[in-house]
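S.K.: For reference, the structure I am asking about is given below.
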Amino acid sequence: MKRSLQMLRSVLSLGAILLFAVAAQAAEAGQSPAESQIGWLFKWIHFLILLVVLLWLFKRVLPPIFRREADIISEAIAKAAAAKGEAERQLKEAAVKLTRLEQEVAEFRAAAQKEAQAELERLRKVTQLDVEKIGLAAKAEIEAAERAARVALKALAAKLAVDGAESLVAKQMTPAVQDALIHNFVESLQGWPN
């Protein structure tokens, strides 16, 4: 780097000396320095100096800048590639989870249907048992009501029979019949041992 700087200084110094020399010669000849042959020579020398400076700039100064930018771009590309890989990995995981989720939903749906079917069957059995219990209870109630009705009917029949007999006895009971009954009763008592 020091060597190229020294060379650049030398070239610039030489160019400055030549420029002053051309200007002095053109002033002696009475011409414009740009129109003389030496002016054309200086134009070419100026062009070469610019070319050398530009080449030096592109060779020495710009490559590290380009390298730095290339490294930054490479790092950004590497980060983007890593981010893309991570995103693809996450996408694959999400797809697997989605597939698993669909399977789990299908399993939950099947289990829910089985449970619903089992619950329906259990409710049918419970309802059938309740119907049977209610039928048995109704039959027992009917039988109890029938027994109670028979007892009530027997009681009514007995009461009616007693009432009928009482009215019949009341009609047929005359004082003579009463005396005969009492007399028969007293005689039957006398035959019993005391």
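S.K.: Using the alpha-carbon atoms, what tilt in degrees (0 to 90, nearest 10) does helix 2-29 show relative to the longest principal axis of the chain?
M.R.: Long axis of 2-29 versus the principal axis of the chain: about 50 degrees.
S.K.: Turning to a different aspect of this structure: Using a Cα-Cα cut-off of under 29 Å, which lysines could be cross-linked to K84, ignoring same-chain neighbours fewer than 8 residues away?
M.R.: K92, K97
S.K.: Based on the Cβ-Cβ distance of V162 and Q190, what FRET efficiency does E = 1/(1 + (r/R0)^6) give at R0 = 35 Å, to the nearest 0.05?
M.R.: Step by step, r from the Cβ atoms, then E = 0.70.
S.K.: What FRET efficiency comes out for the pair L181/V131, r = Cβ-Cβ distance, R0 = 45 Å, nearest 0.05?
M.R.: The pair L181/V131 has a calculated efficiency of 0.10.
S.K.: Would you work out if region 91-192 is rounded, prolate or oblate? Take a ≥ b ≥ c from the square roots of the eigenvalues of the alpha-carbon gyration tensor; rounded if a/c is under 1.5, else prolate when a/b is larger than b/c, oblate otherwise.
M.R.: In terms of gyration-tensor shape, prolate.
S.K.: A further question on this structure: Relative to the longest principal Cα axis of the chain, at what angle does helix 62-172 sit, 0 to 90 degrees, rounded to 10?
M.R.: For helix 62-172, the angle is close to 10 degrees.
S.K.: Rank Q90, Q103, Q37 by mean-square fluctuation in a GNM of the chain with C-alpha springs under 10 angstrom and give only the top-ranked residue.
M.R.: Largest GNM mean-square fluctuation: Q37.
S.K.: Here's another thing I want to ask about it. Between the helical axis of 175-190 and the dominant principal axis of the chain, each derived from Cα atoms, what acute angle in degrees is found, rounded to the nearest 10?
M.R.: For helix 175-190, the angle is close to 90 degrees.
S.K.: Between R68 and A94, what length in nm is gained on full extension when 0.36 nm per residue of separation is reduced by their alpha carbon distance?
M.R.: On the way: separation 26, 0.36 × 26 = 9.36 nm, distance 3.79 nm.
Contour length minus the Cα-Cα distance gives 5.6 nm.
S.K.: Could you tally the net charge around K92, taking each other residue with its Cβ under 13 Å from the Cβ of K92, Lys/Arg +1 and Asp/Glu -1?
M.R.: On the way: positive: K84, R89, K97, R100; negative: E86, E88, E93.
Summing Lys/Arg as +1 and Asp/Glu as -1 gives +1.
Quick note: the coordinates plus some simple rules give every number you see, no bench work behind them. Keep in mind the model is a prediction, meaning the values are calculated, not measured. Positions of Cβ are backbone-derived with ideal geometry, glycine not excepted, and every protein chain shown enters the neighbour counts.
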